[in-house]
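The values are calculated or read from the model by the stated rules, or taken from the named source; none is laboratory data. Note that the coordinates shown come from a computational prediction; the quantities given were computed from them, not determined experimentally. Virtual Cβ from ideal backbone geometry, glycine too; neighbours counted across all protein chains shown. What goes into the accessible areas is simple: the full protein's heavy atoms, side chains included, and nothing from ligands, DNA or RNA. Shrake-Rupley method; radii C 1.70, N 1.55, O 1.52, S 1.80 Å.
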Amino acid sequence: MSKKEEISYQADPEVEKKVNELAGSDRVLRGWMALLILVIAIAMSLYHLYTAGFGLMPGVGTRTHMIIHLTFGLALVFLIFPIKRGLGQTKIVWYDFLIALLAIFVGYYLYANQTSTSILTGRMSTMDLIMGITLLALVLESTRRVVGKPLVIIASIFIAYFFLGHYLNPPFRHTRANFENFIYEMTYTTSGIFSTPLSVSAVYVFIFILFGAILEATGAGKMFIDLALRAFGKYKGGPAKAAVVSSGMLGSISGSSVANAVTTGTFTIPLMKKVGFKPQVAGGIEVASSSSGQLLPPIMGAAAFLMIEYTPYTYAEIIRSAAIPAILSYIAILFMVHIEASKHNISGLPKEMLVSARKTLIQHGYLILPVIILVYFLVRGNTVPNAAFFAIVILLTLAVFTHRMREKMGVGLLIAAIVGGFAYAMHFVLDWRIEIAVMVAIGIFVALFVILLQKQFKIDAAPVRFGMRELFAGFEMAARNSLTVVVACATAGILIGVINLTGLSAKLPIIIVNFAGDNLYLALAFTLIACLILGLGLPTTATYVILAAMVAPALVQMGVPIMAAHLFVLYYGILADDTPPINLPAYAVSGIANSEPISTGIQGFKFDSGALLLPFVFATNTVILLLPENAGLYTWPVIAQNIFTALLGIVAFVVFIQNFFLVKLRFYERLLALATALVFIHGSWMTDVAGIALLILLVAIQVMRKKKGGDGVQPQAT
């Protein structure tokens, strides 16, 4: 590659195939079977798009909405995912057709009989019982196929606890085991499968998965990577830093660490290897940055929507509180990368090889507008689904008309006028919200402006076509990407149901508090371990639901504010996604990096651990969370001071993990770095002064050793 040649992102045609394989599906369909999947997926996406913009259909209540949502999900799971991987199926086998039809029938039965006397009174008929048992079995089997065995095993343990709890000793003993009552509560009430997690999936999560899928189809991934490379590519370890930034931006939207890692890693991992990073290190950096994107506002994967239900805070308050810790977490990953590059003298890319920022912004910059619109409507107080709907409307308008008017300006303008007029007319005819017409008008105007700007600066249009094919592909990908969340939330509802029905939800906080002996730091340490263990192999949504119900209340009982407690378990739940040996993102990128999955997972956990102690900081000192209840309590200088000292603690802990700063650390220097990081956890002025003094001492020792020519650059093995 010549120095004058620009790097540009080209999507790997195998990306979708790899994502499906890693999720448990290697069934490759063609012909009418593929068309069947496409039709069902598009119907699912259009249904959720309609409900987000116009509300539930007449006669459809919240429970009916969840039934439709789950029925779509179950049918698609059994049509897409084989009974096990490695079968090399090229068609849907007959028994999966039957199971998918059974799922549809069960969904229809639940819909048609939800107001029957037997269900309303809790006295199930024999058919009610059979349908309930069938639904339970379908949910668990779909979870096994999509998510894997860990979540099914955990659900089985909880179910066993429900029926065998009377054999246990206090405080775990309970006497509420009853088979018919269990089936009724799990399948016909809002205590089990159709509880908060599935409601969040149906109302909030799907519409944002759809937004992310369409945004990716328009070429946003290319824009994020090109801009990140332009900003960081020329610096030490530049491609790795660009991977961190671009994966963070995309990860916040996609909410899937696996899909994000494969999508951006296809391009960034080869670049990281090109400049000198080991394959497993390149893969690990991509794993860490892709997973942690779920911490980043404004979307935060699906966790923020779940937090709306489990805490008394609004969406705007949640993303405001999550912002500073999320940014600090990414600074930690960036600093980890910088130290890694310094250790092995890994340089960046020549500036001439990077795409012009002006060119990138003129080609793709308009794709930032839907995200801005999303944040605007959220801050203005619109409902979350409404905000996402308006963002999708302007995104589709931009994507379609920048493509159409670029090809045929006259025809494009005519179609734009018709579409704009139709949207405005529907405001009066069908009482559509005026915001829809406004979004269409803004989208058309911006599309025209972008095309004229491209002509003015003689810059080629973005090499991304967006027509009906891409739109349908986005709808299908959204439905496919949602399946993990749908089945995980349904199974998580079973766990929540058992916890509540057996009284475990009230007992666990007391058990944890007593075990920690009223020592908050000890309770936080126990919580960290519990989060990493419970989150092994689980999607973040399921992990958070479990932890929010079982662990967060214990922290609240010990005096940790509700927001801090839930962000604490969310952070470590996401970190569990990177914890070997069950590390799906690592398995995803190891094929791209040509590295061993376990070693890649270890590197991913390492690079994601730079801010390992940060949740301890905001759990014991909530200044950086900007909590609504703290409004006006702290001045901005105090907030800035706490951010600065938290950052210094992160620097010290990164140095400890990497065993390198200016030169390789000696044993006592590494202990000094760890002590410095631990001192910064407690946010008092005395500990801050002590931490700063220790850090200055460490820096002074390193400077003197570097001047003497101590252990410096270590060659990077390939």
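Separation of the range 133-165 from the range 480-494 is 12 Å, based on Cα centroids.
With only alpha-carbon pairs counted, each pair once and no self-pairs, how large is the Kirkwood hydrodynamic radius of the chain in angstroms? Please report the intermediate quantities before stating the final value.
On the way: mean 1/r = 0.0374 Å⁻¹.
For the chain, inverting the mean 1/r across all distinct Cα pairs yields 26.8 Å.
Output the Kirkwood hydrodynamic radius of the range 217-308, Cα pairs only, in Å rounded to one decimal.
Numbers: mean 1/r = 0.0776 Å⁻¹.
Result for the range 217-308 stands at 12.9 Å.
For residue 660, nonlocal amide neighbours, meaning residues 5 or more places apart or on other chains whose placed amide H falls under 5 Å from its own, are 665.
Using only the Cα atoms of the range 362-429, construct the convex hull and provide its projected area averaged over every direction, in square nanometres to one decimal.
Numbers: hull surface 21.4 nm².
Seen from a random direction, the Cα hull of the range 362-429 projects 5.3 nm² on average.
Between 324, 44, 429, the Cα set farthest toward the positive side of the dipole of the chain (charges on each charged residue's Cβ, about the Cα centre) is that of 324. With R₀ set to 51 Å, the beta-carbon distance separating residue 126 from residue 32 gives a calculated FRET efficiency near 0.85.
Basic side chains Lys and Arg get +1 at the Cβ, acidic Asp and Glu get -1 at the Cβ, and with that the dipole of the range 81-163 about its Cα centre reaches some 320 debye.
Here the spin labels are modelled as points 7 Å beyond Cα on the Cα-Cβ line, and at residue 94 and residue 636 they lie 7.2 nm apart.
Report the one residue of 468, 483, 282 whose Cα lies farthest in the direction of the positive end of the charge dipole of the chain (charges on C-beta: Lys and Arg +1, Asp and Glu -1; origin at the Cα centre). The residue sitting farthest along the positive end of the dipole is 282.
Determine the share of the range 611-687's accessible area contributed by carbon and sulfur atoms, expressed in whole percent, with a 1.4 angstrom probe. Intermediate values should be presented prior to the final figure.
Values: 2440 of 3350 Å².
Here it works out to 73 percent.
Taking θ as phi - 60° and the Karplus parameters 6.51, -1.76 and 1.60, the scalar couplings of the range 669-678 work out to 5, 5, 4, 5, 5, 5, 4, 4, 4, 5 Hz in sequence order, x denoting glycine and proline. Once you reduce the range 616-655 and the range 216-270 to the center of their Cα atoms, the two points are 28 Å from each other.
When only C-alpha pairs under 8 Å and at least 6 residues apart count, what is the relative contact order of the chain, in percent?
18
The 1.4 Å probe gives accessible areas that order 708, 234, largest first, as 708, 234. Rolling a 1.4 Å probe across the protein heavy atoms gives the chain an accessible surface of 39 Å² per residue.
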